[in-house]
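Structure, as structure tokens:
The values are calculated or read from the model by the stated rules, or taken from the named source; none is laboratory data. Only a predicted model underlies this, so the values are computations on that prediction, with no experimental measurement involved. Backbone-built Cβ (ideal geometry, glycine too); neighbour counts: all protein chains shown.
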Amino acid sequence: MCQGKTIAEIADALGMEYSALIAMMENMVRMGYLTHGEKKDLGACKTCPLNQVCSKRNYRVFFLTEKGRKIGGC
């Protein structure tokens, strides 16, 4: 997560349900381990015909903070 990932990308990498990960990520933001910004390049999502109705349209990108990097190894 050193380069920033969306919740959908993180869920896929961890083999978790997207909906189960949302609250966990927000808690890590509140605890100071993560921060988030907007994803500029939407990649394949930009051209996907389901883009406007997709449940994974959350384009926030999560990054480790300094506190998160101490335990995350980046």
Inset, instruction - Filter the stretch 27-37 for residues that are at pLDDT below 90 and more than 18 Å from D12 (Cβ to Cβ) and give the result. - result: G37
Inset, instruction - Look at the stretch 38-52 and say how many of its residues are over 11 Å from the mean Cα position of the chain (by Cα) and at pLDDT below 70. - result: 9
Legend entry - Tabulated pairs, the stretch 9-30, first more than 16 Å from L64 (Cβ to Cβ), second among the charged types (D, E, K, R), C-beta under 9 angstrom, 6+ apart or interchain: A11/E17; A11/K56; Y18/D12; Y18/K56
